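Asks: Once you've had a glance at the structure underneath, I'll fire off some questions.
The values are calculated or read from the model by the stated rules, or taken from the named source; none is laboratory data. Source: prediction; values computed, not measured. Note: ideal-geometry Cβ built from the backbone for every residue, glycine included; neighbour counts use all protein chains shown.
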């Protein structure tokens, strides 16, 4: 991969000179990525899902786009490796049930080893930790409560970890300890980006995590969940306001979206919102 694109990548993160691998450097990169690169599915909603090849993802991110876990963690892993970090990719699965034990394969997560110490690293959850967590069993506070524990009942090749996120609608992410490659996610990416039953097809959403909390845009509804316990929720009233939020709150560049793209996306958002309202009234 051409080294110049990593210079552009670091510029997107607001980091001019990273230096040698270090715990402090990893933490700074992780914070910056979450604060500046949104979790989003704009192109999937527009019917042109991007591939998950790391170079393609890096180029998309440097151009001001976001993505979901296969793009975000895939690109971040490539950046970390370029900078000299010892990175391992893992097959994971995200769940809405707090007692889920499987590993569905719909998530890519990372671990990074520095000076014989392993860290749980994930910039692809949207509402995950602001900084890496030690890869050891325990409870951790970063404004929100998180936990790590061995994956229950899993041994041998199936052994792994459970990550718990108290403030998320998807409170569990299980992942296997075994290393993975990007090829391991190809079939699931095809399903998530094209199948009618995929949540990425059904709804538009964006998430961004910073030190103060989580910003979440689900269709027309903008929600901020603060680390201080506060919640601020409002419905966006117009296409203009919607795209102002996409660019201003989430930092997603809009130069790739034509007027027809914007109209099409807003129409999908409005139709999905009306369908959701109908279910609430039934």
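Asks: Of everything in segment 18-35 that's in contact (Cβ under 8 Å) with a residue 60 or more places away in the chain and outside any helix (DSSP H, G or I), which residue is surrounded by the fewest Cβ atoms within 10 Å (Cβ to Cβ)?
Replies: Among residues in segment 18-35 that are in contact (Cβ under 8 Å) with a residue 60 or more places away in the chain and outside any helix (DSSP H, G or I), the one surrounded by the fewest Cβ atoms within 10 Å (Cβ to Cβ) is 20.
Asks: Any chance segment 148-155 includes a residue that's modelled with pLDDT of 95 or more, in contact with a strand residue (DSSP E or B) (Cβ under 9 Å, 6 or more places away or on another chain) and within 19 Å of residue 71 (Cβ to Cβ)?
Replies: No.
Asks: Moving on. Could you grab me the full set of residues in segment 247-282 that are touching a helix residue (DSSP H, G or I) at 6+ places or on another chain (Cβ under 8 Å), under 21 Å from residue 61 (Cβ atoms) and touching a residue at least 60 places away in the same chain (Cβ under 8 Å)?
Replies: Selection gives 251, 252, 253, 257, 265.
To keep it simple, each residue is scored yes or no on (1) in a loop (DSSP other than H, G, I, E, B); (2) touching a strand residue (DSSP E or B) at 6+ places or on another chain (Cβ under 8 Å); (3) within 30 Å of residue 90 (Cα to Cα).
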residue	(1), (2), (3)
169	yes, no, yes
190	no, no, yes
193	no, no, yes
208	no, yes, yes
224	no, yes, yes
262	no, no, no
265	no, no, no
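Asks: Could you list all residues from segment 194-218 that are at positive phi and over 17 Å from the mean Cα position of the chain (by Cα)? Spell out the reasoning first.
Replies: Applying the first criterion (at positive phi) to segment 194-218 yields 213.
Of everything in segment 194-218, nothing turns out to be at positive phi and over 17 Å from the mean Cα position of the chain (by Cα).
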